[in-house]
Every structure is written in structure tokens, then in C-alpha cells.
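Below: the structure, in C-alpha cells.
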Amino acid sequence: MSNSVTMNHLNSILLDLSEVKELNFWAEKLGVRPESLKTAVRASRSNALDQIIIYLKSCNQIHQEYLPTV
């Protein structure tokens with residue numbers, strides 16, 4: 001799978017962090033605390049997964065390449 005296809009797929013995933021179950025799921029998948037995930041959403045001004053990952057990587061909170069299997 002190419003990176004462009006992967007990023008397009010990630011862009012189509014929107015997180016709804018008002019649901020505790022979803023917040024905890026994505027925090028675990030990304031390897032961050034739920035509070036860090038909420039901060040990333042606010043800082044990136046987006047609930048699109050690709051934008052959140054970009055923000056977390058820029059803050060060195062994701063230390064390895066993340067490719068979700070959804």
C-alpha cells in the first residue's frame with residue numbers, strides 16, 4: 001500500500017472524542033494518553049485522523065510509523 005493511499009484513507013477517518021470508548025480506543029492505537037489525544041485535536045483544529053497523527057509526530061509523541069488497520 002502506498003503512502004498516498006494510506007494518507008487518503010486516514011483522512012477519511014474522523015474521530016468523535018465525545019465518546020469515551022472511542023477516545024480510549026484511539027489513544028491506545030496511537031500509543032498516547034487520552035489527554036494527549038484531546039490536546040492534539042484542539043491543537044490541530046481537526047478531528048481527522050491524518051491531521052492528528054501529523055500533530056502528534058511533530059511533537060514527538062508518536063515514535064514509530066503508524067499505519068492503522070481499520
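Summing Lys and Arg as +1 and Asp and Glu as -1 over all other residues whose Cβ lies under 15 Å from the Cβ of Lys21 gives a net charge of -2.
Charge tally for Ser36 (other residues, Cβ to Cβ under 14 Å; Lys, Arg +1; Asp, Glu -1): +3. Residues Val20, Val32, ranked from the fewest to the most other C-beta atoms within 10 Å, line up as Val20, Val32. Counting other Cβ atoms within 10 Å as a rough exposure proxy, the listed residues Ser18, Ser44 run Ser18, Ser44 from fewest neighbours to most.
The numbers here are math on the coordinates, done by the rules we state, and not lab data. From a predicted model like this one, the values you see are computed outputs, not experimental measurements. Every residue, glycine among them, receives a Cβ derived from its backbone with ideal geometry; neighbour counts consider all protein chains shown.
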